[in-house]
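Undergrad: I'd like to ask some things about the structure below.
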Amino acid sequence: MMTETRFVHYKVGNEQHDNEHWELFVQLNGIIDCIKRGQFHLIDADEIASNLLKHFAEEHEHMVKMGFPYIDSHAKDHQRMLKRLSYLVNEAHDQHFLLVDMTARELENLFVDHIDHFDRQYADFERSLAHGLEPSLTGQASRE
């Protein structure tokens, strides 16, 4: 489960987005805890999905304003995350403990991988703009 100590390594430098990411991890930690305890009736996947959608919309608006060229790839990964989150939460209750533990790790990795690859890319782009540098656009933000 994500801790505040570990989370420091996944901050992208945008205070609002970092705060939103942390809140999403707190919610995800709650879901993971429910999965591990077999308390599936306590999971509110709709709440985290709603919060993700709000966060994704804010990120999208932010990227449009700064002219980030890989918005489509970023948005595509947001959709992938929502689908995978839904699938993992819905399927977790049918699995035995070992698979539940693996599912919990996959849920966290879903968020970590997106932040570490896609969000870090727009954050680097934004920092370049803020320092008056020509942003490096090597490689599209896609894992297809």
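The values are calculated or read from the model by the stated rules, or taken from the named source; none is laboratory data. Remember, predicted model here, so these are calculated numbers, not experimental data. Cβ coordinates were reconstructed from backbone atoms using ideal geometry, including for glycine residues, and neighbour counts include every protein chain displayed. Note: accessible area is taken over every heavy atom of the protein model, side chains too, but ligands, DNA and RNA are not part of it. Shrake-Rupley method; radii C 1.70, N 1.55, O 1.52, S 1.80 Å.
Undergrad: As an exercise: evaluate residue 94 against (1) open to solvent by 90 Å² or more (accessible area, probe 1.4 Å); (2) part of a helix (DSSP H, G or I); (3) modelled with pLDDT under 95 and give the number of the one condition it does not meet.
TA: Among (1) open to solvent by 90 Å² or more (accessible area, probe 1.4 Å); (2) part of a helix (DSSP H, G or I); (3) modelled with pLDDT under 95, the lone unmet condition for residue 94 is (2).
Undergrad: Would you mention how many residues in the stretch 23-35 are within 14 Å of the chain's Cα centre (by Cα), of a type outside the set (Val, Ile, Thr) and open to solvent by 50 Å² or more (accessible area, probe 1.4 Å)?
TA: 1
Undergrad: For residue 66, only one of the following conditions fails: (1) under 19 Å from the mean Cα position of the chain (by Cα); (2) modelled with pLDDT under 95; (3) open to solvent by less than 40 Å² (accessible area, probe 1.4 Å). What is its number?
TA: Residue 66 satisfies all of (1) under 19 Å from the mean Cα position of the chain (by Cα); (2) modelled with pLDDT under 95; (3) open to solvent by less than 40 Å² (accessible area, probe 1.4 Å) except (1).
Undergrad: Here's something else I'd like to know. When both residues are 6+ apart or on different chains and their Cβ atoms are under 8 Å apart, which pairs have a first residue that lies in the stretch 1-21 and is farther than 18 Å from residue 127 by Cβ, and a second that is of a type in the set (D, E, K, R) and part of a helix (DSSP H, G or I)?
TA: As it stands, the answer is 1/33; 1/108; 2/108; 20/58, since those pairs meet every condition given.
Undergrad: Would you check if residue 121 is open to solvent by 10 Å² or more (accessible area, probe 1.4 Å) and at pLDDT below 75?
TA: No; evaluated as a whole, the condition is false for this residue.
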